[in-house]
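Please read the structure below before turning to the comments.
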Amino acid sequence: MPAISSNKPYRIGRSRTGLGLFATKPIKKGDKIVRYFGPLLDSRNKKHEGIENKYLFELNGRWTIDGSVRKNVARYINHACRPNAESDVSARKRKVVIRAIKKIESGEEINYDYGTDYFKAYLKPIGCKCASCEKKRKKLRAEAREQKKLAKARLERKAAKAKPALNGHANGTLLNGRGKKAGLVGKAAAAKSGIFAAAKKLNRARNAAREARASV
Ligand SMILES: [Zn+2]
């Protein structure tokens with residue numbers, strides 16, 4: 001039996017984090033989408049102890065499904081913090097079914113919440129890339145940009161207010177602004193000519209020394 005036949009409501013496709021599972025037809029809320037399956041690992045079995053991969057689905061303290069097998073198409077389903085599906089666990093039957101928790105449109109990626117343990121171990125260190133977390137990050141970035149803009153505007157207003165006081169004038173911001181600028185330019189020019197004068201002086205001294213040497 002092929003892993004995916006055409007009557008299945010999903011296909012494997014490119015997702016923002018690699019591969020993912022996508023609906024190929026509308027899926028109703030509550031519908032079973034696919035089973036999460038693989039060999040059962042028993043915590044009491046010494047041979048199972050060393051098995052470690054990202055697709056282990058713990059059913060209870062004793063049983064774990066090793067979902068890393070190729071035929072387990074459900075392993076392509078990515079995590080989302082606000083998913084459209086859930087993992088329906090029957091520990092007694094040792095069975096997990098991925099089920100829609102809202103209507104999923106054709107073309108939509110199927111996600112379920114992997115749970116806090118997985119999130120802490122694998123997603124938190126690298127940053128969750130699910131749609132709602134990306135949206136949250138985008139919003140935070142936009143807010144930070146807005147804050148920066150506001151802070152800059154505040155500083156500019158403060159600087160504009162501070163100008164008359166610095167100039168010693170109490171009124172007429174526009175005139176004062178011009179006056180201040182002119183003052184600055186004047187100062188810069190004076191400083192430059194000062195340097196120029198110093199250079200001239202140095203040259204004169206050098207020439208005098210050269211002349212003195214020549215005359216010896
Ligand atoms: Zn997330």
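Details
- Search result, residues across the range 59-87 that are closer than 14 Å to residue 39 by Cα and free of Cβ contacts under 8 Å to residues at least 40 places away in the same chain: 59, 62, 63, 64, 65, 66, 67, 68, 69, 72, 75
- Out of 112, 76, 118, sole residue that is more than 20 Å from residue 41 (Cα to Cα), within 14 Å of the ligand (Cβ to nearest atom) and among the aromatic types (Phe, Trp, Tyr): 112
- Of all the residues in the range 80-96, those that are under 20 Å from residue 29 (Cβ atoms) and either away from the ligand (no atom under 16 Å from the Cβ) or of a type outside the set (A, V, I, L, M) (or both) number 10.
- When residue 99 is tested against (1) surrounded by fewer than 15 Cβ atoms within 10 Å (Cβ to Cβ); (2) more than 16 Å from the ligand (Cβ to nearest atom); (3) closer than 25 Å to residue 37 by Cβ, exactly one condition is not met: (1).
- The set of residues from the range 124-155 being under 21 Å from residue 79 (Cα atoms), in a helix (DSSP H, G or I) and not polar (S, T, N, Q) comprises 131, 133, 134, 135, 136, 137, 138, 139.
- Every condition in (1) surrounded by 12 or more Cβ atoms within 10 Å (Cβ to Cβ); (2) at pLDDT below 95; (3) not in a strand (DSSP E or B) holds for residue 50 except the one numbered (1).
The values are calculated or read from the model by the stated rules, or taken from the named source; none is laboratory data. These figures come from a predicted structure and were not determined experimentally. Virtual Cβ from ideal backbone geometry, glycine too; neighbours counted across all protein chains shown.
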